[in-house]
Amino acid sequence: MKEAGVVPGGVTGDLLAEAVRKVLDANREETALVLSGADPSGKKRKFIQGLVMREIRGQASVGDVSAVIDEVLRQMRDIDE
């Protein structure tokens with residue numbers, strides 16, 4: 001990755017959360033399935049995670065992306081309730 005000029009962990013915090021929200025907003029059907037619990041295999045969530053990684057061009061760790069997706073989804077659930 002370094003040869004390509006990409007630094008892992010380069011996108012964090014608000015930038016990462018913004019990218020996650022952008023992907024979730026653009027993929028409302030998949031987001032709704034994940035929020036409703038209708039994604040038992042986790043394929044839709046992995047799909048969303050992959051789209052976020054593409055959006056940020058791999059400049060964050062998978063663990064960080066996963067944690068931010070969880071947090072944003074939790075916020076979305078709280079708003080809906």
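Taken together, the values in this text are just the output of simple stated rules run on the coordinates, not laboratory data. Keep in mind it's a predicted model, so treat the numbers as computed, not measured. Using ideal geometry, Cβ is built from the backbone for each residue, glycine included, and neighbour counts are taken over all protein chains shown.
Sorted fewest first by neighbouring Cβ atoms within 10 angstrom, SER66, SER36 come out as SER36, SER66. Mean residue ellipticity, 222 nm, helices only, the chain: the sum of -39500 (n - 2.57) across DSSP H runs of n ≥ 4, divided by residue count and rounded to 500, is -22000 deg cm²/dmol. Residue exposure proxy: ASP64, ASP78, ASP70, ordered by other Cβ atoms within 10 angstrom of their Cβ from fewest to most, comes out as ASP78, ASP70, ASP64.
Residues in the range 36-48 carry Karplus couplings, in order, of 7, x, 8, 10, x, 7, x, 5, 5, 5, 5, 4, 4 Hz; the curve used is 6.51 cos²θ - 1.76 cosθ + 1.60 with θ = phi - 60°, and Gly or Pro positions show x. Take every pair of alpha-carbon atoms less than 8 Å apart whose residues are at least six positions apart; their mean separation over the length of the chain yields a relative contact order of 39 percent.
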